[in-house]
1. Name the single residue that is farthest from Phe16 (Cα to Cα) among those in the range 42-91 being assigned to a helix (DSSP H, G or I) and of a type in the set (Asp, Glu).
2. Which one of these does Phe39 not meet: (1) surrounded by 13 or more Cβ atoms within 10 Å (Cβ to Cβ); (2) free of Cβ contacts under 8 Å to residues at least 24 places away in the same chain?
3. Restricting to the range 1-25, name every residue that is over 17 Å from the mean Cα position of the chain (by Cα) and either aliphatic (A, V, I, L, M) or assigned to a loop (DSSP other than H, G, I, E, B) (or both).
Amino acid sequence: MVVVSIVACVGLEFSFQKIVHKQVTISDYSAVITGWLLFLTLLVTAPLWILLIGDFIAIIVVKQLTGGIDRNWLNPAVAARVLFTMDHELGHTTTRCCHESDAIS
């Protein structure tokens with residue numbers, strides 16, 4: 001999954017920069033780090049499509065649409081993870097119910 005995330009981030013960044021006729025900056029490896037960080041923040045059991053949606057949000061929405069490297073005001077990987085956390089279904093975050101009895105009571 002880490003390779004898929006990195007390749008997706010680099011591919012998305014390259015494609016977007018080619019489409020909008022910007023200088024291609026994949027040689028700075030920032031997309032590689034973004035893909036790696038996003039992979040590390042998700043659960044191992046997360047489906048591949050969630051990872052790819054996160055890659056899209058991180059690279060296109062947060063990084064490229066705000067001006068690219070050194071112009072974005074959020075860390076792209078963390079911003080994608082926060083959006084996943086806000087939606088429990090995508091983030092796969094679960095909270096335990098506090099109504100369960102414990103050994104003391």
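Since every read-out is calculated from the coordinates, none of them should be taken as a lab result. Since we're looking at a predicted model, the values are computed, not measured. Every residue, glycine among them, receives a Cβ derived from its backbone with ideal geometry; neighbour counts consider all protein chains shown.
1. Glu89
2. (2)
3. Within the range 1-25, Ile19, Val20, His21, Lys22, Gln23, Val24, Thr25 qualify.
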